[in-house]
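Take a look at the structure set out below.
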Ligand code: SF4
Ligand code: SF4
């Protein structure tokens, strides 16, 4: 399963990752003033939180990416002959 790490010393508590996550994996810990991983099993590995974090405080491991072939224009043009 995917592993998500919040590097607590880097997190500045802006909550942008909490707001952007489409599956609500992350939440905000009011006591610590940091975001925390709440439901890692719901992570779809979009990596949006990681790219968006201004501190680079979120990292992921044990995931694989699937190529978005429908956005590959060269592949799409080859398919047009069948349409
Ligand atoms: S986006 Fe980064 S700095 Fe902001 S709360 Fe999330 S982990 Fe912390
Ligand atoms: S990688 Fe995507 S789904 Fe996973 S925690 Fe980050 S924003 Fe949410």
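Of the residues in region 61-71, not one is under 12 Å from the mean Cα position of the chain (by Cα), outside any helix (DSSP H, G or I) and surrounded by 15 or more Cβ atoms within 10 Å (Cβ to Cβ). Here is the figure for region 17-54: residues that are near ligand 1 (Cβ under 9 Å from one of its atoms), under 13 Å from residue 5 (Cα atoms) and assigned to a loop (DSSP other than H, G, I, E, B) total 1.
Contact map, region 34-45: first residue over 21 Å from residue 56 (Cβ atoms), second residue surrounded by 14 or more Cβ atoms within 10 Å (Cβ to Cβ), Cβ cut-off under 7 Å, separation 6 or more or different chains; pairs are 39/25; 42/25.
With respect to residue 14, determine if the residue is at pLDDT 90 or above, surrounded by 14 or more Cβ atoms within 10 Å (Cβ to Cβ) and in a loop (DSSP other than H, G, I, E, B). Against the criterion (at pLDDT 90 or above, surrounded by 14 or more Cβ atoms within 10 Å (Cβ to Cβ) and in a loop (DSSP other than H, G, I, E, B)), residue 14 qualifies.
Counting the residues of region 34-83 that are over 13 Å from residue 21 (Cβ atoms) and in contact with a strand residue (DSSP E or B) (Cβ under 9 Å, 6 or more places away or on another chain) gives 6.
The values are calculated or read from the model by the stated rules, or taken from the named source; none is laboratory data. Computed from a predicted model, the values in this text were never measured in an experiment. Here Cβ is always computed from backbone atoms with ideal geometry, including for glycine, and neighbour counts include all displayed protein chains.
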